[in-house]
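Peer 1: Mind looking over this structure? Questions follow.
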């Protein structure tokens, strides 16, 4: 009787969210196979054995090698910042269409899980949101019969550079948030998203769009998010409410500078519109079935552990260690895996040649050397 593990083909497995997903898939009994453009060694992939296929979403032959023989295809790759609308669509829409079509041809029996975004509900807000919505449409049109879309809310956790900016501001004198008192913003820890993705890769309704948030499905207001950030870092920053006109002006100014420098920025006019949007809430009926997945990390716990992780790694001032940090690592027990944000080793096997390639990594990690999918 064969004991070979089923293969889960993964795009974007070396990025912030993708690394959580790869760990969760491995813990859930899958053999991850990663599409990579560079060296995939990362401390967060400690003790995870996986195959690699060199290439990217623009290469049909690489995609065919990636999905061949896979029982599940997990599409995490995407871009959250780009200089032009066409750049967003090239990855988030065209890349998704290409993967969906390849999966339908080369692995028609596989379940395809697409990690989209809550922003896809409002494609009129930004080029990013529009490209994610178009990716969902392409999946339905070109993909295999068994597909499902995951729409995470605002994702945070150790290794995320965006939430670090919020924590750093909370340790200072002023913490600026949009002046949008009616806005509701859902949050979700990366470990919970990974658990949802792995659960849906194996079970659950097909041809559905599922929103993934923490247990607070109605979301938070900006003042609550600011208060939780201050609590997490023990800061006393004064919260400043930035008027909508000022948020839009900052988005336009930063976007213009990015165009002049030819370097993409997360803050753009479109992102400013997303920030000012009133309704990023969810509802129980939009979530995966409770028998398939439930969130396990609340905002206070998630913010506290993430802030302490950054403090331990020197990105924030020292903070009092909680019980997990005194063990030397930050861990969350979500789904099947224990998400470990520490350091370690990673094991890889090249495919399709199956030639062995293993590498170890220790010590500090430079986020810039990896592709942020």
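The values are calculated or read from the model by the stated rules, or taken from the named source; none is laboratory data. Treat the numbers as computed from the prediction; the structure is a model and nothing was measured. Positions of Cβ are backbone-derived with ideal geometry, glycine not excepted, and every protein chain shown enters the neighbour counts.
Peer 1: Starting from the range 232-249, take each residue that is touching a residue at least 60 places away in the same chain (Cβ under 8 Å) and list its partners that are part of a loop (DSSP other than H, G, I, E, B) and surrounded by 18 or more Cβ atoms within 10 Å (Cβ to Cβ), counting only C-beta distances under 6 angstrom and pairs at least six apart or across chains.
Peer 2: Filtered contacts from the range 232-249: 233/171; 235/171.
Peer 1: Pairs please, first residue from the range 38-61 and on the phi > 0 side of the Ramachandran plot and touching a residue at least 12 places away in the same chain (Cβ under 8 Å), second anywhere and surrounded by fewer than 16 Cβ atoms within 10 Å (Cβ to Cβ) and in a strand (DSSP E or B), Cβ atoms under 9 Å, 6+ apart in sequence or on different chains.
Peer 2: Between residues of the range 38-61 that are on the phi > 0 side of the Ramachandran plot and touching a residue at least 12 places away in the same chain (Cβ under 8 Å) and residues that are surrounded by fewer than 16 Cβ atoms within 10 Å (Cβ to Cβ) and in a strand (DSSP E or B), the close pairs are 47/345.
Peer 1: Would you point out which residue out of 67, 74 is closer than 21 Å to residue 146 by Cβ, under 18 Å from the mean Cα position of the chain (by Cα) and crowded, with 23+ Cβ neighbours inside 10 Å? Quick ask: steps written out before the conclusion?
Peer 2: On the way: 67 fails: under 18 Å from the mean Cα position of the chain (by Cα).
When all the criteria are applied, what remains is 74.
Peer 1: Under the condition of being within 11 Å of the chain's Cα centre (by Cα) and within 17 Å of residue 70 (Cα to Cα), which residue from the range 11-25 is surrounded by the fewest Cβ atoms within 10 Å (Cβ to Cβ)? Even if it seems obvious, please write down each step before you answer.
Peer 2: Residues of the range 11-25 that are within 11 Å of the chain's Cα centre (by Cα), as a first pass: 12-21.
Filter once more, keeping what is within 17 Å of residue 70 (Cα to Cα): 12-13, 21.
Details: 12: 27, 13: 30, 21: 30.
Step by step, filter the range 11-25, then rank; the result is 12.
Peer 1: Out of (1) in a loop (DSSP other than H, G, I, E, B); (2) modelled with pLDDT of 95 or more; (3) in contact with a strand residue (DSSP E or B) (Cβ under 6 Å, 6 or more places away or on another chain); (4) closer than 25 Å to residue 162 by Cα, the odd one out for residue 70 is which?
Peer 2: (4)
Peer 1: So which pairs qualify, if the first residue must be in the range 12-25 and in contact (Cβ under 8 Å) with a residue 24 or more places away in the chain, the second must be in a helix (DSSP H, G or I) and surrounded by fewer than 24 Cβ atoms within 10 Å (Cβ to Cβ), the Cβ gap must be under 6 Å, and the two must be at least 6 apart or on different chains?
Peer 2: Note: pairs meeting the criteria are 19/44.
Peer 1: In the range 185-224, what count of residues is obtained for those that are surrounded by fewer than 19 Cβ atoms within 10 Å (Cβ to Cβ) and in a strand (DSSP E or B)?
Peer 2: 2
Peer 1: Please go through the range 43-58 and pick out each residue that is farther than 22 Å from residue 145 by Cα, touching a strand residue (DSSP E or B) at 6+ places or on another chain (Cβ under 9 Å), outside any helix (DSSP H, G or I) and at pLDDT 90 or above. I'd like the intermediate steps shown before the answer.
Peer 2: The first filter runs over the range 43-58 and keeps only residues farther than 22 Å from residue 145 by Cα, leaving 43-56, 58.
Going one step further and asking which of them are touching a strand residue (DSSP E or B) at 6+ places or on another chain (Cβ under 9 Å), we end up with 43-56.
Of the ones still in play, those that are also outside any helix (DSSP H, G or I) are 46-56.
Passing the criteria: 48, 49, 50, 51, 52, 53, 54, 55, 56.
Peer 1: Anything in the range 259-290 that is surrounded by 15 or more Cβ atoms within 10 Å (Cβ to Cβ) and part of a helix (DSSP H, G or I)? List them, or say none.
Peer 2: Residues satisfying the conditions are 269, 270, 271, 272, 273, 274, 275, 276, 286.
Peer 1: Right, here's the next one. So residue 160 fits all but one of (1) touching a residue at least 60 places away in the same chain (Cβ under 8 Å); (2) in contact with a strand residue (DSSP E or B) (Cβ under 8 Å, 6 or more places away or on another chain); (3) under 21 Å from residue 34 (Cα atoms); what number is the exception?
Peer 2: In the conditions (1) touching a residue at least 60 places away in the same chain (Cβ under 8 Å); (2) in contact with a strand residue (DSSP E or B) (Cβ under 8 Å, 6 or more places away or on another chain); (3) under 21 Å from residue 34 (Cα atoms), residue 160 misses (2) alone.
Peer 1: If you go through the range 241-252 one residue at a time, how many are in a helix (DSSP H, G or I) and loosely packed, with under 13 Cβ neighbours inside 10 Å?
Peer 2: 1
Peer 1: So, in the range 98-118, how many residues would count as being more than 17 Å from residue 146 (Cβ to Cβ) and crowded, with 20+ Cβ neighbours inside 10 Å? Outline the logic, then answer.
Peer 2: First pass over the range 98-118, keeping only residues more than 17 Å from residue 146 (Cβ to Cβ): 98, 117-118.
In the following step, the residues that additionally are crowded, with 20+ Cβ neighbours inside 10 Å were identified as 117-118.
Of the residues in that region, 2 qualify.
Peer 1: I'd like to know if the range 140-148 contains one or more residues that are crowded, with 20+ Cβ neighbours inside 10 Å and assigned to a strand (DSSP E or B).
Peer 2: If we filter the range 140-148 for residues that are crowded, with 20+ Cβ neighbours inside 10 Å, which is where we start, we get 143-144, 147-148.
Narrowing further to those that are assigned to a strand (DSSP E or B): 147-148.
Yes.
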